[in-house]
1. Quick query: amide H of Val509 versus all other amide H atoms, modeled in the peptide plane; which residues come in under 5 Å with a sequence gap of 5 or more or a different chain?
2. For Cα pairs less than 8 Å apart in space and 6+ apart in sequence, what is the mean separation divided by the residue count of the stretch 127-615, i.e. the relative contact order in percent?
3. Local charge sum around Lys436 (other residues, Cβ-Cβ under 10 Å, Lys/Arg +1, Asp/Glu -1)?
4. 5 Å is the cut-off here: which amide hydrogens, built 1.01 Å from N in the peptide plane, fall below it relative to Phe291, excluding neighbours closer than 5 in sequence?
5. Could you line up Val202, Val169 from fewest to most neighbouring Cβ atoms inside 10 Å?
6. Over 21 Å between Cα atoms: which of Lys132/Lys153; Lys138/Lys588; Lys139/Lys442; Lys153/Lys577 fall into that group?
7. Using the crude model of +1 on Lys and Arg Cβ and -1 on Asp and Glu Cβ, and no other charge, please compute the dipole size for the stretch 146-289 relative to its Cα centre, in debye to 20.
Amino acid sequence: MSKSLPYSVKDLHYDNAKFRHRSFFKVITQTLFSSDMRRECVSCSTGKFLGFLMIFGLACLMLTHANSTPSVSDGLAEGIGTNEGQKVISDVGLRLKKLLRRAPRLRSQLSQNEKGSSGIFTGKTNKPDEEKWEARQKKVREAFIHAWSGYKKFAMGYDELMPVSQRGVNGLGGLGATVIDALDTAMIMGLEEVVSEAGSWVELHLLKKISQKGQVNLFETTIRVLGGLLSAYHLSGGDHDMNLANKGPKPTVYLHIAKNLADRLLSAFTSSPTAIPFSDVVLSDYSALPFLNDKSSTSEVSTLQLEFNYLSEISGDPKYKTEGMKVLAHFKTLPKVEGLVPIYINPQSGQFNGEKIRLGSRGDSYYEYLIKVWLQLRSIQDGNFTYLYDMYEEAMRGVRRLCKKQYQMNWFLWVNCLGGPMVCFLPGTLALGATKGITKEKAMKDNLLTFEDLENLKLAQDLAKTCFEMYSVTSTGLAPEIAYFHTKEYFESGLDGGNKSSEYVNDIVIKRADRHNLLRPETVESLFVLYRITQDPKYREWGWQIFESFEKHTKVDSGGYTSLDDVTTLPPPRRDKMESFFLAETLKYLYLLFGDSSVMPLDKFVFNTEAHPFPLGGAIHLEGGSSTKGTSRHFPCSVMWSWNEKWLKQKQVYFLVLFSGRVSSHSVQLNQAGMSTFQVVCKLLCLFRPFLGSFVLSGPIISILCSYNFLKLPSVRIHLCSSFPAVLLMLVATTSVLPTFGFRTASTRTFRHPLSLNSHSSEIYLFDSSL
């Protein structure tokens, strides 16, 4: 009985998925000497050239074969054309004899996790680390108490505190936004006294304020007030799932007020002639009116659904969910630019207003709610909400294609469809969409990640690095509201962040009008999500540095924290405003970042855009026949795009080869010689890139994507014409398996590949263990 490939046969769902041995000679002959292939190769001039390239490559590899080289992950991280590579090629004579020797077997090695090395992220910390993070979490708790004490002392019942002038201000509708925003944070932190104070105010005053209040913004009132009430209902035991509040009103109090408020907010939907609600509501008389010029923010009208869906679930009244979901169903029908949408929409016509696209303000939470609402509703049988995931995937592909930009300094990556650092919500959204809230380790173990998921997770980590550096380059260690990047096309001198010790200080441009900081939570939110998913402790360390900067520069002795006017100077001038989201989001995410991952797990809770958590209705991942696009039911071979981390530590490299609409997979166990061969093959492809590129205009070769940076990426993608796919396939597969004396192949199955450029395109994916 032959051993199976290191992924589950059961998951492939193939009728004929029986693995069998095939000799190396048989693979070559069947591939090269079939009648169709022979005819196509002979008639294709490009094929003849590539055939010569194959022979030349094989000859070079035979002559340059080395016994000892670094691992794949180490070797591929090096640049192309290094001295080491040249030395290998120049050393041909001495190593010819070694080709005939059987490559030695690799001895079994323990992984870094098994050795208990601190360099690998196991998700478990030793006792000193646990004590350190418990102490830091306690510091965040103390910061929340300080912020609440200032608000209670000077601004109780107002929307927000002005801590420097020690008074309250209403700028969010006058419903006491900070009280409600802070309530569930206090419950999570176990601050029963704060829960009692905030809960009592809600019970005694909020309903009266709602009934007497005039015009309020639909979006702000929904995410802050309605969202805060619903979260408080759940956390205080309303669902009987948990009870974090021993003091304060009964859960039914929160639910009753939430329903009263939502009934008034529904007028924004019912008053509109289209599925797009009006932007403002007059609470006292259940009426609504559009914004000036009939322009509603795309993000505002599409960031109401988590709250209305959950209210329908706990109240048993479907009207809230029905009205909210009409909006997203309508967005499904509208034209988009590769999934990306303009930032304004007209509620009178139901069509987009203008063509301006950005991922920051007025656009941001549209993308955030696509994936979050899908997570909330995915467990509903026959719910037919997969269009949300489809829209999310299309939008993220659009982000990668149209907005992603790698700048010249080679350390940071950004998206140029931006509206400032507010777009730093995106790393968290990408990571959440990739693993659906479970850890990366578990997702890989269970073969739940597609290649696109891994691309999104890598993009999330790169963007998070950029977001953090926007903090580190300033004198205060706090990010500005808007930042620009030094490129070949744009640079303004004298507009750096002020921290001359940062190696990136000249890479980020901060204009004088954009230097304020509003205590925003977007970056720490992404750090929280990325830590929960990757278990990489650097995100905790980055979060701690940001928290220390808040403590040092924004804390007001009399109580509260203040926003700043200029983060590039010391001491920073103060703006005199403590936004309600500082207690609702910034401190909550920092507290959860430093705490145990079992508290508010991302596969059990979804956070609205104001960080109010709602419970998810079903299991985080569906077994077998999932209804999601990211699973094997929709995409038969997505399981091949996953791998177990254990296999990677054994230095196995997987090849997924797609050509002419057929798929086959190859798995080889590379010893040290095999890894050297693999590296040389990649170098050869890059070496001949300029010459191969000249064939692009003639048609046969669609594109060959190689660069000096591609060896640092998880994969390289090569597209070829259907007339000659197998020769280059043979070059890659043959040279990679020669040192291993044999390989196995799986049966093939025809299917339509979504990434194909056209019906005649081919793709080769090379996965290495650097992931």
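1. Here Tyr484, Phe485, His486 satisfy the definition.
2. Once divided by the residue count of the stretch 127-615, the mean separation gives 17 percent.
3. Neighbour charge sum, excluding Lys436 itself: -1.
4. Ser279, Asp280
5. Ranking Val202, Val169 by Cβ neighbours within 10 Å, fewest first, gives Val169, Val202.
6. With Cα atoms farther than 21 Å apart: Lys132/Lys153; Lys139/Lys442.
7. Its charge dipole is roughly 340 debye.
Laboratory data are not the source of any read-out in this text; all were calculated from the coordinates shown. Note that this is a predicted model, so its numbers are computed, not measured. Every residue, glycine as well, gets a Cβ built from its backbone with ideal geometry; the counts of neighbours run over all protein chains shown.
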